[in-house]
Amino acid sequence: MPPASETLSYQSNFVSAEPASHQSGGAAVPDRLFEYNYFEYGGFDLELYFVREILGLESLHYGCFELHEPLTLETVRRAQHRYTQSLVEMLPSDVERVIDVGCGMGDVARAMARRGKTVVALSPDRNHGQYVAGSHPDLTFVNEKFETFMATEPADLVLMSESQNYFDTVAGLRQVRRCIRPGGYLLISGMFVKEPCAEFRDIINTEGGYFEAAADHGFDVIKRSDITEEVSPTLEFARRSLEQFVEPLPRLLDHYMRARSPVKYWFLRTFFRRQFKDYQRTLDYYHKRFDQALFKEKVRYLRVLFRQSTNGSRAGLDPHTEAAITGRRAPA
Ligand SMILES: C[S@@+](CC[C@H](N)C(=O)[O-])C[C@H]1O[C@@H](n2cnc3c(N)ncnc32)[C@H](O)[C@@H]1O
């Protein structure tokens, strides 16, 4: 039986009700709170809209803060720029072709293209194309999920910047093997839970579990750094934004409509009861999700550079499975 996440058509990671370790044993148990896709409603991406159109930011990732930097929109912008540039600096010198898996608004892919790399940037979110497609001559946008992506040319490196938790770990690692040249790289910058936990159930990977799976697919760790301290101030900024901007607005509208047209207001509340409830639950979820102290207690934000081992060490796949995955010929 395939892992539960493979049976789902594209939805945000918040739909995945169970951590990956629980998924492999059977179908995921639906959780009332997580049966909704909180990111996308009929093509409207709530988070993207808030980040891009309300805050005016150019990235979806957390950014890297410096010690004691104040929390303002301007410093978040700088932190995101710093994060992007430091990822570009991590590219090994023998990397020319990059696949950016889950490219978001494409700022990392663009920065790599500006550095002279040829980049294929993919995202299943149809809203992302408007920010990525055509933004650099050496950057190609593909509106697809990684699991079904077919690379036309092998890449030197696959990048997952805050995207490795959006699809099944093993399916993702198999795809990386299909997409890279022998001896190619996988660069991950993203979150791993210390232990699977309810508060961060969207983070399906633990560090140990992921590294084990990567080793089983023939990937050695070349570099690893923990940047939890640098990224976590963004959560405090997000919490303040939620409290200052997102929560008061519906309350304001509520008061206004009740005062202007009490009867229409009653119909509105009655007909849209479920949507109002969903919205409130979304806010409640984000409140917990943006708790910086809890984040640091439960989560590690890591940067890891893996390289496919050329001597086959620990590549727990037999040559025929390997050939079936990569399409390369198995040795006789
Ligand atoms: C948090 S955003 C990160 C965006 C970007 N990499 C960055 O660092 O700003 C997660 C991205 O993963 C994408 N994604 C979700 N499911 C995916 C899948 N199955 N395959 C590839 N990308 C996926 C989302 O559409 C989004 O672009």
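Here, each number is a calculation from the coordinates, and none is a lab measurement. On a predicted model such as this, the values are computed, not experimentally measured, just so you know. All Cβ positions, even for glycine, are placed from backbone atoms using ideal geometry, and neighbour counts span all protein chains on display.
FRET efficiency for the Gln244 to Thr310 pair, using the beta carbon distance and R₀ = 51 Å, is estimated at 0.45. Each peptide in 276-282, 166-172 gets a packing score, the mean of other Cβ atoms within 10 Å over its residues, and the list from highest to lowest is 166-172, 276-282. Charge tally for Ile227 (other residues, Cβ to Cβ under 11 Å; Lys, Arg +1; Asp, Glu -1): +1.
Highest mean first, the peptides 132-144, 178-190 sorted by other C-beta atoms within 10 Å per residue fall in the order 178-190, 132-144. The slack in the chain from Leu71 to Phe272, taken as 0.36 nm per residue of separation less the alpha-carbon distance, amounts to 68.7 nm. At q = 0.19, 0.31 Å⁻¹, what is the base-10 log of I(q)/I(0) for the range 233-289 according to the Debye formula with one equal point scatterer per Cα and no solvent? Please give it to two decimals. Taken in order of the listed q values, log10 I(q)/I(0) reads -0.74, -1.20.
Maximal additional length on extending the Arg181-Glu96 stretch stands at 29.5 nm, based on 0.36 nm per residue less the C-alpha distance. With the cut-off at under 16 Å, measuring from each backbone N in the range 142-169 to a point 7 Å along the Cα-to-Cβ line of His136 picks out 142, 156-161.
On the beta carbon distance between Thr148 and Tyr256, with R0 = 35 Å, the FRET formula returns roughly 0.15.
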